[in-house]
Every structure is written in structure tokens, then in C-alpha cells.
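Contents: one structure, followed by commentary.
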Amino acid sequence: RSFMGTSYGLIEIPSTTAAIDVLDIMCKTADVEFVTWEKKLGGRLVTIIVRGTISAVTEAVEAACAHAIKKPVAKAVIANPHEEIVRIVNQSASRLQ
């Protein structure tokens, strides 16, 4: 199974409110799709994961980091993710259904 052309954008940020704000910015900025989120440390750190083309994901992550209500702790853009990364993200997303 090929995942060529698909990229993931990840932003880890303090608080659920800031995470929702970041997701809103990303989705309004570029053609990306929300995939899943992970809450750690009792919700004090929240990771938002979106999917799209490399250019859309990069644009979304950069805009969200620049305009977020709180400073992100970490960010990443993964172009053409390895199938194991896709499996982990899909496993996380399956919790939301």
C-alpha cells in the first residue's frame, strides 16, 4: 500500500483550548484534514495531527505555530510517512470513532 503524496502535520501544544485553536487555524489556512489527537500529562500537552499534501501540511503547521494562542512545544511535518507511522496514527484515530 502506497502513501506517496500524503503527509502528516503534528503540533504539540499546552492545553486542549490551544489545541482546538491550532486545529482551527490549520484547517482554515490550507487543505488539510484532521486525523486524530493525543492528550498526555493529564491534558496539559495535546498533539494535533492533520493530513494532506506536503505543501498544504507545511503551510498549515507554519500558520498555526505563528498565530496560536499559546506557543507550541513541538511541531513536525512528515512527508510520505513510513507505513509504521501510518499504522500508529490510524490506531490513534480509531479511538475517536
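The values are calculated or read from the model by the stated rules, or taken from the named source; none is laboratory data. Keep in mind it's a predicted model, so treat the numbers as computed, not measured. Because the Cβ atoms are built from the backbone with ideal geometry, glycine has one as well, and the counts that use them run over all protein chains shown.
Let's see how each residue does on (1) modelled with pLDDT under 95; (2) of a type in the set (Val, Ile, Thr):
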| position | (1), (2) |
| --- | --- |
| Ile13 | no, yes |
| Ile20 | no, yes |
| Thr29 | no, yes |
| Phe34 | no, no |
| Leu45 | yes, no |
| Ile48 | no, yes |
| Ser55 | no, no |
| Glu59 | no, no |
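The residue that is nearest to the chain's Cα centre (by Cα), counting only those in the range 38-97 that are surrounded by fewer than 13 Cβ atoms within 10 Å (Cβ to Cβ), within 16 Å of Tyr8 (Cα to Cα) and touching a residue at least 60 places away in the same chain (Cβ under 8 Å), is Ala74.
In this structure, Glu12 does not satisfy being within 20 Å of Arg95 (Cα to Cα) and without any contact (Cβ under 8 Å) to a residue 24 or more places away in the chain. Residue-level check: of (1) closer than 15 Å to Ser92 by Cβ; (2) touching a strand residue (DSSP E or B) at 6+ places or on another chain (Cβ under 7 Å), Lys40 misses just (2).
For the range 43-74, name all the residues that are basic (Lys, Arg) and closer than 19 Å to Ala93 by Cα. Show your work before the answer.
As a first pass, look at the range 43-74 and keep what is basic (Lys, Arg): 44, 51, 70-71.
Passing the criteria: only Arg51.
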